[in-house]
Amino acid sequence: MQLSPVSVSARTPELITALVALWERCVRATHTFLSPAEIAAIKSYVPPALQTVAHLVVAYDAAGKPLGFLGVQDARIEMLFLEPTARGRGLGRSLVQYARAHYAVTAVTVNEQNPQALGFYQHLGFAVIRRTELDEQGRPYPLLYLHCPPNH
């Protein structure tokens, strides 16, 4: 498995299409609290987010297919999605460690209804520091804000 940062100039339409498809497979597998209509609505926000996030890190398999990606903005993980079949093999940990080492990441936000994500980040040393009743779009999906000190 290869891990390499993808620069803004390398965010080709083909890569964005592949990452959006990966995002959708992951969300359908892990965000069971979302309806198909909600997933479809949120999906429209994904391409612009991938294009504009400050740092995009993609993990590829040996054939060059994306297995996971992570986006960082202002020392915060804004997105982390893994191919469902690639979960549990250390890929998420590798992406987070890369982001912490290269972009000084100390924060992430997760949906409260996604206990697997919460457990994953807590296992990596993140702790909940705040909770909101609504997500950033005002929908009734509580968010948990997590922090991990630098050099943890």
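Spot the failing condition for SER94; the list is (1) closer than 20 Å to GLN113 by Cα; (2) within 15 Å of the chain's Cα centre (by Cα), and only one is missed.
Of (1) closer than 20 Å to GLN113 by Cα; (2) within 15 Å of the chain's Cα centre (by Cα), only one is false for SER94: (1).
Which of the residues that make up the stretch 91-104 are surrounded by 15 or more Cβ atoms within 10 Å (Cβ to Cβ) and touching a residue at least 40 places away in the same chain (Cβ under 8 Å)?
Of the stretch 91-104, the ones surrounded by 15 or more Cβ atoms within 10 Å (Cβ to Cβ) are 91-92, 94-96, 98-100, 103.
Those that are surrounded by 15 or more Cβ atoms within 10 Å (Cβ to Cβ) and touching a residue at least 40 places away in the same chain (Cβ under 8 Å): LEU91, SER94, LEU95, TYR98, ALA99, ARG100, TYR103.
Quick one: GLU133 ticks every box in (1) at pLDDT below 95; (2) more than 20 Å from GLU24 (Cα to Cα); (3) open to solvent by 40 Å² or more (accessible area, probe 1.4 Å) bar one, so which box is it?
Exception for GLU133: condition (1).
So how many residues does the stretch 98-131 have that are β-branched (Val, Ile, Thr) and touching an Asp or Glu at 6+ places or on another chain (Cβ under 9 Å)?
Going residue by residue through the stretch 98-131, those that are β-branched (Val, Ile, Thr) are 105-106, 108-110, 128-129.
Those left that are additionally touching an Asp or Glu at 6+ places or on another chain (Cβ under 9 Å): 108-109.
Within the stretch 98-131, residues that are β-branched (Val, Ile, Thr) and touching an Asp or Glu at 6+ places or on another chain (Cβ under 9 Å) number 2.
Which one of ILE129, ILE42 is farther than 25 Å from ARG11 by Cβ, out of contact with any Lys or Arg (no Cβ under 9 Å at 6 or more places or on another chain) and among the aliphatic types (A, V, I, L, M)?
Numbers: ILE42 fails: farther than 25 Å from ARG11 by Cβ.
Testing whether each residue is farther than 25 Å from ARG11 by Cβ, out of contact with any Lys or Arg (no Cβ under 9 Å at 6 or more places or on another chain) and among the aliphatic types (A, V, I, L, M) leaves just ILE129.
Among the residues of the stretch 34-65, which ones are touching a strand residue (DSSP E or B) at 6+ places or on another chain (Cβ under 7 Å) and open to solvent by less than 60 Å² (accessible area, probe 1.4 Å)?
To start, the set of residues in the stretch 34-65 that are touching a strand residue (DSSP E or B) at 6+ places or on another chain (Cβ under 7 Å) comprises 49-50, 53-61.
Correct list: ALA49, LEU50, VAL53, ALA54, LEU56, VAL57, VAL58, ALA59, TYR60, ASP61.
Yes/no per residue for (1) exposed (fewer than 13 other Cβ atoms within 10 Å of the Cβ); (2) aromatic (Phe, Trp, Tyr); (3) touching a residue at least 12 places away in the same chain (Cβ under 8 Å):
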position	(1), (2), (3)
THR109	no, no, yes
ALA117	no, no, yes
GLN122	no, no, yes
VAL128	no, no, yes
GLN137	yes, no, no
TYR141	no, yes, yes
TYR145	no, yes, yes
CYS148	no, no, yes
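Any residue that is modelled with pLDDT of 90 or more, over 12 Å from the mean Cα position of the chain (by Cα) and at positive phi - is there at least one of those in the stretch 65-84?
yes
Restrict the check to the stretch 72-92 and report whether at least one residue is in contact with a Phe, Trp or Tyr (Cβ under 8 Å, 6 or more places away or on another chain), within 19 Å of CYS148 (Cβ to Cβ) and assigned to a helix (DSSP H, G or I).
If we filter the stretch 72-92 for residues that are in contact with a Phe, Trp or Tyr (Cβ under 8 Å, 6 or more places away or on another chain), which is where we start, we get 72, 75, 79-81, 92.
Pick out the ones that are also within 19 Å of CYS148 (Cβ to Cβ) and you get 72, 75, 79-80, 92.
With the extra rule that they be assigned to a helix (DSSP H, G or I), the set shrinks to 92.
There is at least one residue in the stretch 72-92 that is in contact with a Phe, Trp or Tyr (Cβ under 8 Å, 6 or more places away or on another chain), within 19 Å of CYS148 (Cβ to Cβ) and assigned to a helix (DSSP H, G or I).
Restricting attention to the stretch 66-90, and to residues there that are within 23 Å of ALA21 (Cβ to Cβ) and basic (Lys, Arg), which single residue is surrounded by the fewest Cβ atoms within 10 Å (Cβ to Cβ)?
Narrowing the stretch 66-90 to residues within 23 Å of ALA21 (Cβ to Cβ): 66-73, 77-90.
So of that shortlist, the ones also basic (Lys, Arg) come out as 87, 89.
Details: ARG87: 17, ARG89: 13.
Per the criteria, the residue is ARG89.
The values are calculated or read from the model by the stated rules, or taken from the named source; none is laboratory data. On a predicted model such as this, the values are computed, not experimentally measured, just so you know. When we count neighbours, we look across all protein chains shown, and the Cβ atoms used for this are built from the backbone with ideal geometry, even at glycine. The area values use the complete protein model at the heavy-atom level, side chains included, leaving out ligands, DNA and RNA. Shrake-Rupley method; radii C 1.70, N 1.55, O 1.52, S 1.80 Å.
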